[in-house]
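*Asks:* Please see the structure below; I have some questions.
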Amino acid sequence: MDYNTGHTAIVILNWNGLRFLQEFLPSVVANSAGCEVIVADNASTDGSLAFLADHFPQVRIIRNNDNLGFCEGYNQALKQVDATYYVLLNSDVAVTPGWVNPIIELMNADESIAVCQPKINAQQHPDFFEYAGAGGGMIDSLGYPFCRGRLFETLEEDKGQYNDVQETFWATGACMFVRAKVYHELGGLEPEFFAHMEEIDFCWRAKNAGYKVMYNGFSQVYHVGGGTLHKSNPRKTYLNFRNGLALVYKNLPTSELVPTITLRIMLDWLAAFRMLLAGQTADARAVLDAHTDLLRKSNYWRSRRRAQQPKGNFVNMAGVFKGSIVWEYFVKQKRTVQQL
């Protein structure tokens, strides 16, 4: 594909998200002058396409024949989009005037930047950061992700502390700017992930390939969050635990793999035990199902690691916390990145 120099395509993946398109698409169209706005639809049945045809005929529609999930839905749709930059934008995100320019200017100035995200605030509580991305994604030594502005369930109030430009470890999939040629060079999002942590896996692979992942706090959007699966949904628990282990297995250097995976499995079992004590039986079972399915598909994950593992050890440590975020949060009671 010949990537269209200077062209930015905002691609919103939709599956039965009519209510979000009605509420948030107007802000995207109004505040994204010069960008192509596209809705990639995963076979919705809620009238989404009719709404787009009636109210936003200028928005291009790409139709997937089935609900392919977040990962493969984007992979198939983006094969049909010719642009320099893709913006993978959730349908439940309200954007602000001028939100695109700071990030595109940053990426234009440095071709080593593959991925970038804006500041993510909560749409329902705009003075606070939002769970999925906040002030830029980080990861700890065991592969547990967290954000500047969000440790586990603790969200910081936005007081301008992350109004900066910072190299990070991962960028949120809710609003992820990606250099198109890198997206295809790396094979897109991991299709087996379906949804959850796919953006962390992609960013890790980009960093392993020598690219940078950035955060630009001078661009700001507001995200509802939880629009696909509620955080207490056992399906989400399953995806988070399965994908979390697969993420580490695919990307961690060989020298660190066995001890890290062993400790992660032990901590997962501890989490499942806590769920049982709290009466969350379905969530506890989801953790065990996640481990079982990883073993069942071990040949697949082994082949993915071989195909994507870099030569030599991972050296770009930007956005990596060398300790354990689980220990710092639950034992030491630290609640902000500044306290780490």
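Bear in mind these aren't lab numbers, they're just calculated from the coordinates by the rules spelled out. For clarity, every value in this text was computed on a predicted model and none was experimentally measured. Glycine also receives a Cβ, built like all others from the backbone with ideal geometry; neighbour counts cover every protein chain displayed.
*Asks:* Once Lys and Arg get +1 and Asp and Glu get -1 on their Cβ, which of 259, 291, 280 lies farthest toward the positive end of the dipole of segment 170-328?
*Replies:* Result: 259, furthest along the dipole toward the positive end.
*Asks:* What length, rounded to one decimal in nm, is gained on full extension from residue 332 through to residue 67, with 0.36 nm per residue of separation minus their alpha-carbon distance?
*Replies:* 91.1 nm
*Asks:* Which listed residue (78, 15, 213) has the Cα farthest towards the positive end of the charge dipole for the chain, taking +1 on Lys and Arg C-beta and -1 on Asp and Glu C-beta about the Cα centre?
*Replies:* 213
*Asks:* Hey, quick one: spin label on residue 109, modelled 7 Å out along Cα-Cβ, who in segment 173-193 has an amide N within reach, i.e. under 11 Å?
*Replies:* none
*Asks:* Under unit Cβ charges (Lys, Arg +1; Asp, Glu -1), what dipole magnitude, rounded to 20 debye, does the chain have relative to its Cα centre?
*Replies:* It comes to approximately 1160 debye.
*Asks:* In debye, nearest 20: dipole of segment 104-224 around its Cα centre with unit charges on the Cβ of K, R (+) and D, E (-)?
*Replies:* Dipole of segment 104-224, to the nearest 20 debye: 200 debye.
*Asks:* Name the long-range amide H neighbours of residue 14: under 5 Å, sequence gap of 5 or more, or other chain; modelled H, no Pro or chain starts.
*Replies:* Answer set, sorted by chain and number: 40, 41, 42.
*Asks:* With viscosity set to 1.306 mPa s and temperature to 10 °C, compute the Stokes-Einstein D of segment 8-223, Rh being the Kirkwood radius across alpha carbon pairs; µm²/s, no decimals.
*Replies:* 93 µm²/s
*Asks:* What is the spin-label model distance, in nm, from residue 22 to residue 101 if the labels are put 7 Å beyond Cα along the C-beta direction?
*Replies:* 3.4 nm
*Asks:* From the residues 31, 89, 125, which one has its Cα farthest along the dipole of segment 8-223 in the positive direction, the dipole being from +1 and -1 charges on Cβ of Lys/Arg and Asp/Glu about the Cα centre?
*Replies:* Checked the options; the winner is 31.
*Asks:* Let me ask another. Using Cα-Cα distances under 8 Å and only pairs 6 or more residues apart, what relative contact order does segment 234-339 have, in percent?
*Replies:* Working: 64 pairs, mean separation 37.5, N = 106.
Reported as a whole number, the value is 35 percent.
*Asks:* If you keep only loop residues by DSSP, which trypsin sites (Lys or Arg not before Pro) in segment 158-192 have at most 10 other Cβ atoms within 10 Å of their Cβ?
*Replies:* 159
*Asks:* Let me ask another. Assigning unit charges at the beta carbon (Lys, Arg +1; Asp, Glu -1) and nothing else, what dipole magnitude in debye, to the nearest 20, does segment 234-339 show about its Cα centre?
*Replies:* Numbers: 18 positive and 6 negative charges, 62 e Å.
I would put it at about 300 debye.
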